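The values are calculated or read from the model by the stated rules, or taken from the named source; none is laboratory data. Given the structure is predicted, the values throughout are model-derived calculations rather than measurements. Here the Cβ is made from the backbone with ideal geometry for all residues, glycine too, and neighbour counts use every protein chain on show. Calculation scope for accessible area: heavy atoms of the full protein, side chains included, ligands and nucleic acids excluded. Shrake-Rupley method; radii C 1.70, N 1.55, O 1.52, S 1.80 Å.
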Amino acid sequence: RVMKQVDATSKEAKSFLKQQEKMQSGAAASLPTVSGVKRPSGMSSLLGKITSKKQKMSTLEKSKLDWENFKEEEGIGEELAIHNRGKDGYIERKAFLERVDHRQFEIERDLRLSRMKP
């Protein structure tokens, strides 16, 4: 058995919860009830009420979720990863600029040290 943790607001988690509700509603329909509606009772219903509070989603989380869904739907995740590793990628450009800045700092430091009197 494999356990997988996903974000509670993800598409995969929502589909899993829908499947669980369908299974529970199918099991509840097979049990006879007095009024035709089975009411939950006991500790499980109390825990369900306590843990069923909806968490507010921030704009950043929503944007990230939308972007991940878009990449999955369009199938462009791998293509983006390949592109970002190339010379035109943002990460590669930032790393290059950081290396240049560090090299320039070392040159200036060596120049300052050579000018100092022993």
*Taking the condition farther than 19 Å from Ser10 by Cα, open to solvent by 100 Å² or more (accessible area, probe 1.4 Å) and at pLDDT 90 or above, does Arg103 pass?*
yes
*For segment 64-84, how many residues are of a type in the set (A, V, I, L, M, F, W, C), modelled with pLDDT of 85 or more and in a helix (DSSP H, G or I)?*
3
_Filter pass, Met43 being out of contact with any Leu (no Cβ under 9 Å at 6 or more places or on another chain), closer than 30 Å to Gln24 by Cβ and modelled with pLDDT under 85_ = yes
*Output yes when any residue across segment 49-63 is surrounded by 10 or more Cβ atoms within 10 Å (Cβ to Cβ), at pLDDT below 80, assigned to a helix (DSSP H, G or I) and of a type in the set (Lys, Arg), and no when none is.*
yes
*Could you look through segment 85-98, keep only residues that are open to solvent by less than 100 Å² (accessible area, probe 1.4 Å) and either under 25 Å from Ser10 (Cα atoms) or in contact with a helix residue (DSSP H, G or I) (Cβ under 8 Å, 6 or more places away or on another chain) (or both), and pick out the one that is modelled with the highest pLDDT?*
Glu92
